Amino acid sequence: MTKPYLVVEWNDTETDAKGWLVVHNFVKGYTGGGTRMHPTVTKEEVERLAEAMAYKYVACECGTTGGCKAGIAYDYKAPDAYAVLRRFLIAMMPYIDIGVSLGSDLGTKYEDVLKVFNEFGIDIPLTKSMKRNPDVLQGIKDFDELLGTRIEGLLLNDVVTGYGVAFSADEAWKFKNGKEDAKVVIQGFGCVGASCALKMSQLGYKVVGISDANLLVTCEEGLDIQKLIDHKNIYGEMDQAYFEPNYAVRPNTEWLNVDCDILIPSALEDVINASNAENVKASLIVEAANIPISAEGDEIVKQRGIDIVNDFVANLGAIRFYDAVIFGLVDPNPQAVIDDIEKLCRKNTNRLFTEAKNQNRYQREVAYEIFKPTISDLLEYEEPSETVAAQK
């Protein structure tokens, strides 16, 4: 891991919450990444996530944005969670206002982030030159409109990452010449896990197990994903009242014990680690969550010969959506956005697996080479003469 460019620590004045903004790199004075809130968040975790974002923007074929991340160590279910998020974002506002584009992540909602931005007259964080670019300003209008649109009954912004993960999983499974009707287990049932499960089922896979914060539900014949989505609560948790009679309910700690071909961790970091990596039954892991496998767990996965599509290749849908619309790379309509994400995820996954096979190497090692960030710019600033001219 390379050192981040900037680390800012925050201590809340009203609770015991603690937070960090980590900028791994700037590209043309701009950087982007989500804001997560969870009691287990640490500075080291946010640094790792910011680095992954820098790689993700390269995989996203983006020439305008570096990688950053923010994290708050606090319970996202607490009654004052939004107030804590608001105070954190206010503290980071000097950076946000000049090109640190923070979004949402685990435990936060994008609409809440935007609500705080709007208090301070910010729509989407931009650099000074972006604020003067009419094409970018039109892209922001297009993006804002798309945030409220739906595709297949779900909000577009809620499905872009999960759908991209599913397309990556499908591409990898086909590359492996995997059997039809393969079994899938998904850990985590927030926006990413739920939309990934839905698209996997639409692609012909059998989702036989899903775990959330409360439980694990399994069904050998396959779960009714749409019904589970229709009745989940605001925290992405499933409601047992709507389970079918042939569903089995087990402790959520047993998600690695379900027999499957494809495993998709979609929630917290390091859930596959030294203590449980030997229990993985799948021959393919697709990382919908960021950094879901610890370094020790990853070594075990590698030695066992399990294939992976790593996080910044599989889960780039949200930032591709943002970049492609704001910078005018796709037509601003929901299907064009999904088609663009599918094309990119399949392309990157196929490239990753082809090069790993040709080099007889583990996919993660290859990914860190072919998608390595090479740009580390400074914040955008105006020369004194520009400032004087602007004041006249």
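All Cα-Cα separations within the stretch 1-72 were binned at 10 Å from zero, giving a P(r) of 23, 50, 22, 5, 0, each value a whole percent of the pairs. Where a ≥ b ≥ c are the square roots of the eigenvalues of the C-alpha gyration tensor, would you call the stretch 329-382 rounded, which needs a/c under 1.5, or, failing that, prolate if a/b is larger than b/c, or oblate? Because a/c hits 1.5 or more and a/b fails to exceed b/c, the stretch 329-382 counts as oblate. How high is the relative contact order of the chain, in percent, counting Cα pairs under 8 Å that sit 6 or more residues apart? Over the chain, the number comes to 18 percent.
Compared with the dominant principal axis of the Cα atoms in the chain, helix 191-202 is inclined by about 50°. Residues considered: Ala78, Ala91, Ala356. Largest GNM mean-square fluctuation over the chain, using C-alpha springs under 10 Å, is found at Ala78. In the full protein context, the stretch 1-149 carries 41 Å² of accessible surface per residue, based on a 1.4 Å probe and ignoring ligands, DNA and RNA. For Gln359 and Glu299, a Förster radius of 22 Å and the Cβ-Cβ distance give a FRET efficiency of 0.75, rounded to the nearest 0.05. Accessible area per residue (1.4 Å probe, heavy atoms of protein chains only) ranks Glu51, Glu44 as Glu44, Glu51, with the largest value leading.
Compute the Cα gyration tensor for the stretch 254-296, then decide on rounded, prolate or oblate, letting a ≥ b ≥ c be the square roots of its eigenvalues: rounded whenever a/c is under 1.5, prolate when a/b is larger than b/c in the other cases, and oblate in all that remain. Here the stretch 254-296 falls in the oblate category. Rounded to the nearest 5, the antiparallel percentage of DSSP beta bridges internal to the chain is 45%. For the stretch 202-331, the alpha carbon positions stretch 49, 39, 27 Å along the principal axes, listed from largest to smallest. Each 10 Å bin, from zero up to the one with the longest distance, holds this percent of the alpha carbon pairs of the chain: 5, 24, 34, 25, 10, 2, 1, 0.
Extension gain for Asn214 to Gln240 (0.36 nm times residue separation, less C-alpha to C-alpha distance): 8.3 nm.
Once the other residues with Cβ under 12 Å from the Cβ of Thr218 are scored (Lys, Arg +1; Asp, Glu -1), what is the net sum? Net local charge, Thr218 excluded: -2. When the chain is treated as a GNM with alpha-carbon contacts under 10 Å, the residue of Gly204, Gly103, Gly139 showing the greatest mean-square fluctuation is Gly204. One chain, two ends: Thr149 and Asp123. Fully extended at 0.36 nm per residue, the span grows by 7.6 nm beyond their Cα-Cα distance. Accessible surface of the chain, 1.4 Å probe: 49 percent of it comes from carbon and sulfur atoms.
Against the chain, whose longest principal axis is taken from its Cα atoms, helix 81-91 shows a tilt of about 40°. Computed from phi, the 3J(HN,Hα) profile of the stretch 63-74 under the Karplus parametrisation 6.51, -1.76, 1.60 (θ = phi - 60°) reads x, 10, 9, x, x, 9, 7, 10, x, 10, 7, 6 Hz, with x in place of Gly and Pro.
If Phe120, Phe167 are ordered by their accessible area, calculated over protein heavy atoms with a 1.4 Å probe, which sequence runs from highest to lowest?
Phe120, Phe167
In the chain, the calculated helix contribution to ellipticity at 222 nm averages -12500 deg cm²/dmol per residue, counting -39,500 (n - 2.57) for every DSSP H run with n ≥ 4.
Here the Gaussian network model covers the chain, with springs between Cα atoms less than 10 Å apart; of Ile308, Ile96, Ile151, Ile151 fluctuates the most.
Calculate, for the stretch 250-383, the solvent-accessible area per residue in square angstrom, rolling a 1.4 angstrom probe over the heavy atoms of the protein chains.
On a per-residue basis, 42 Å².
Extending 7 Å from Cα along the Cβ direction at Leu329 and again at Glu221 yields two label points whose distance is 4.3 nm.
The values are calculated or read from the model by the stated rules, or taken from the named source; none is laboratory data. Bear in mind the structure is a predicted one, so any value in this text is a computation, not a measurement. Please note: Cβ atoms are built from the backbone with ideal geometry, for glycine as well, and neighbour counts cover all protein chains shown. For accessibility, only protein heavy atoms count, side chains too; no ligands or nucleic acids. Shrake-Rupley method; radii C 1.70, N 1.55, O 1.52, S 1.80 Å.
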